[in-house]
Amino acid sequence: MPQETQRLALLKLLEQNPNFSQRELAQAMGVSLGKTNYCLKAMVEKGFVKLSKFCQNKNKQAYAYLLTPSGVEEKARIVRGFLQRKEAEYEAIQNEIETLRGDLLDSTLGIS
């Protein structure tokens, strides 16, 4: 998974599930726990994610991973870039389909 794709997947997961453990995040993303830890640390360092401690129950503490305003902006930036690329791909495919239809029509009519 490319780095930007992983960053987007992680930001989406954290936005929807801030109380996920690193293990749950790793499993949901299909990557190793070590990679998830590395990505989370980088996101915290860049200011995209804030770590917040909370008590899950009386005997143990856990962390909540909260998106910061910068994290929300980063997520929007990545989505915007993906959307632009996909729209360009879609337009190119539409053009290719039209060309192929024209070729098929020409060959059906015997036009060279």
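The values are calculated or read from the model by the stated rules, or taken from the named source; none is laboratory data. If you're wondering where the values come from, they're calculated on a predicted model, not measured in any experiment. Cβ: placed from backbone, ideal geometry, glycine included. Neighbour counts: every protein chain shown. Each accessible area value is taken on the protein alone, full model and side chains, heavy atoms only, with ligands, DNA and RNA left out. Shrake-Rupley method; radii C 1.70, N 1.55, O 1.52, S 1.80 Å.
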| query | Is at least one residue of the stretch 16-37 among the hydroxyl-bearing types (Ser, Thr, Tyr) and either under 14 Å from the mean Cα position of the chain (by Cα) or surrounded by 13 or more Cβ atoms within 10 Å (Cβ to Cβ) (or both)? | reply | yes
| message | Can you tell me how many residues within the stretch 1-24 are in contact with a strand residue (DSSP E or B) (Cβ under 7 Å, 6 or more places away or on another chain) and assigned to a helix (DSSP H, G or I)? | response | 3
| Name the pairs: first residue in the stretch 78-105 and closer than 23 Å to Gln6 by Cα, second residue assigned to a helix (DSSP H, G or I), Cβ to Cβ under 6 Å, at least 6 apart or on different chains? | Ile78/Glu4; Ile78/Leu8
| Hey, any hits in the stretch 75-87 for a residue that's touching a strand residue (DSSP E or B) at 6+ places or on another chain (Cβ under 9 Å), charged (D, E, K, R) and at pLDDT 95 or above? | yes
| Pair list, Cβ under 7 Å, 6 or more apart: the stretch 1-24 residue within 17 Å of Ala76 (Cβ to Cβ) and in contact (Cβ under 8 Å) with a residue 12 or more places away in the chain, other residue among the small types (Gly, Ala, Ser) and open to solvent by 40 Å² or more (accessible area, probe 1.4 Å) | Leu13/Ala28
